[in-house]
Amino acid sequence: VQLQASGGGLVQAGGSLRLSCAASRLVGTITSMGWYRQAPGKQRELVAAITRGGSTNYADSVKARFTISRDNTKNTVFLQMNSLKPEDTAVYYCFADGFSTRLWGQGTLVTVSS
């Protein structure tokens with residue numbers, strides 16, 4: 001497995017979860033990492049991304065609630081999700097970009113109950 005995601009689960013509205021995604025060292029040099037999500041019946045959407053240098057990009061719907069970070073020494077990206085809402089319920093997929101390829105994690109389910 002080249003990307004291993006973890007940290008999903010069930011949480012009440014207003015709660016927090018932290019997702020992690022670790023890339024195997026066999027992947028090589030990673031540029032950007034981040035998270036997409038896909039809710040039932042909806043298209044996959046970008047949640048947050050972070051470059052190797054630490055520049056970040058967020059979907060408007062999660063700004064001020066989610067924080068993305070990464071540890072380059074461990075090829076790991078994190079997504080701290082606070083003030084979760086029922087509309088955040090989705091399968092979250094991490095990705096990692098090499099120079100010419102994009103790798104995807106297996107998806108982790110986040111369910112936010114009202």
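The values are calculated or read from the model by the stated rules, or taken from the named source; none is laboratory data. Predicted model, so just to flag it, every value in this text is computed and none were measured. Reconstructed Cβ throughout: ideal geometry from the backbone, glycine too, with neighbour counts over all protein chains shown. What goes into the accessible areas is simple: the full protein's heavy atoms, side chains included, and nothing from ligands, DNA or RNA. Shrake-Rupley method; radii C 1.70, N 1.55, O 1.52, S 1.80 Å.
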Using the C-alpha gyration tensor of segment 55-94, what are the square roots of 5 times its eigenvalues, in whole angstrom, with the largest one first? 20, 12, 9
Segment 23-54 scanned against label point 7 Å out from S61 along Cα→C-beta; backbone N under 14 Å for 36-48
Would you kindly compute the Cα radius of gyration of segment 13-79 and its largest Cα-Cα separation (Dmax), both in Å? 12.7, 38
Explain nothing, just the number: dipole magnitude of segment 1-94 about its Cα centre with +1 on each Lys and Arg Cβ and -1 on each Asp and Glu Cβ, in debye rounded to the nearest 20. 160 debye
So which aspartates and glutamates can K85 reach, going by Cα to Cα under 20 Å and dropping same-chain residues fewer than 8 places off? E45, D60
Reported to the nearest 10 Å², I68 has, with a 1.4 Å probe, an accessible area equal to 10 Å²
Dividing the Cα convex hull volume of the chain by residue count, how many Å³ per residue is that? 93 Å³
Provide the solvent-accessible area of S113, counting protein heavy atoms only and rolling a 1.4 Å probe, rounded to the nearest 10 Å². 40 Å²
